[in-house]
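Heads up, the thing below is written out as structure tokens.
The values are calculated or read from the model by the stated rules, or taken from the named source; none is laboratory data. Remember, predicted model here, so these are calculated numbers, not experimental data. Here the Cβ is made from the backbone with ideal geometry for all residues, glycine too, and neighbour counts use every protein chain on show. Keep in mind that these areas ignore ligands, DNA and RNA; they rest on the heavy atoms of the full protein, side chains included. Shrake-Rupley method; radii C 1.70, N 1.55, O 1.52, S 1.80 Å.
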Amino acid sequence: MKATMARLRLRVELNKGRTGVPLEKFASIVSELKAFVEQLGSNSGIPPDKNVWFAHEFANGSAIFTNELNAVAEVASREHFNDDMRYLTTTSKSENNTSLLPPSLIDQFTKVTGLLDIGEPISFGLFKSDEEKEPSEWLPATKLGAQTAFESLETESSYVGSILGSIHSLNKGSSPPFLTVRDIVSGELIKCYYTKGQYPSVARILQKEDALVYVRGIITVSLVKSRIDHLDADLFEAAPEYKDGDIAAFIGSFPGITGGLTTKQYISKIRSDVGRN
């Protein structure tokens, strides 16, 4: 019967052919490597509560050790894991199908290789079965190779839009100056850059301490972090305050929109249609 569960392992070899690794450098690489294997595990379908790794099988030499998931995984996860490593370490643009990888994983891989010296290699050993004592496949990588392979990777996307939120802070001494707004939907703090000519508009919306504000402009999203990075504003506007009776005033403001049905009948019809779907 074919096994359905597997050990998830990644062997790492640093500073091959040299004596030792500077401790500060080694600590930095291990820190970024921890985040990297966790992202690899997540992308391979490992749930967060099981995505815990440990290092073992240290060997004499420059720096050789195995990173292993502290839980069993499905065989398909190991195959996915190994395929991701092949994509990441392939420097040929014609063969490196990075569209299959999330930008955050590529970014974390370049953080690992970015700590290397120019020309210094790092090798990743893949295991294709639980029985293997040593990796059956070694994948070399370098700082320059990773930079070249992913230099055209798009890490940001921009669009025209707006956010609604409360003003958290003002930094008018930076260049360019910006407001930090806490988005009412995501709860995240977003830097909203403005020009000096827009300062009167900024000053007006600051007059009311608890006001909600609309900020419109070019929104830049980080594809690596999957969230808004900043907003280049062209409009600041205080949101209208809610007053008692506003909702009641809205009812009936668009006569005919419900056809020949009353509001109550129209709502019942929508609920019934949704239930059938």
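Remarks
- With a requirement of 1 or more residues that are over 24 Å from the mean Cα position of the chain (by Cα), exposed (fewer than 14 other Cβ atoms within 10 Å of the Cβ) and modelled with pLDDT under 95, the strands (runs of 3 or more DSSP E) lying completely within region 173-277 that satisfy it span 227-238.
- Checklist (1) within 23 Å of Ala73 (Cα to Cα); (2) in contact with a strand residue (DSSP E or B) (Cβ under 6 Å, 6 or more places away or on another chain) applied to Gln108, failing item: (2)
- Scanning region 14-38 for residues that are under 15 Å from Asn82 (Cβ atoms) and touching a helix residue (DSSP H, G or I) at 6+ places or on another chain (Cβ under 6 Å) returns a single hit, Phe36.
- Hits in region 99-119 (condition: surrounded by fewer than 16 Cβ atoms within 10 Å (Cβ to Cβ) and charged (D, E, K, R)): Asp117
- Residue selected from region 16-35 under the condition outside any loop (DSSP other than H, G, I, E, B) and under 14 Å from Phe65 (Cβ atoms), by the criterion most open to solvent (accessible area, probe 1.4 Å): Lys34
- Within region 134-161, the set of residues being open to solvent by 50 Å² or more (accessible area, probe 1.4 Å), touching a Phe, Trp or Tyr at 6+ places or on another chain (Cβ under 9 Å) and more than 25 Å from Pro22 (Cβ to Cβ) comprises Glu134, Ser136.
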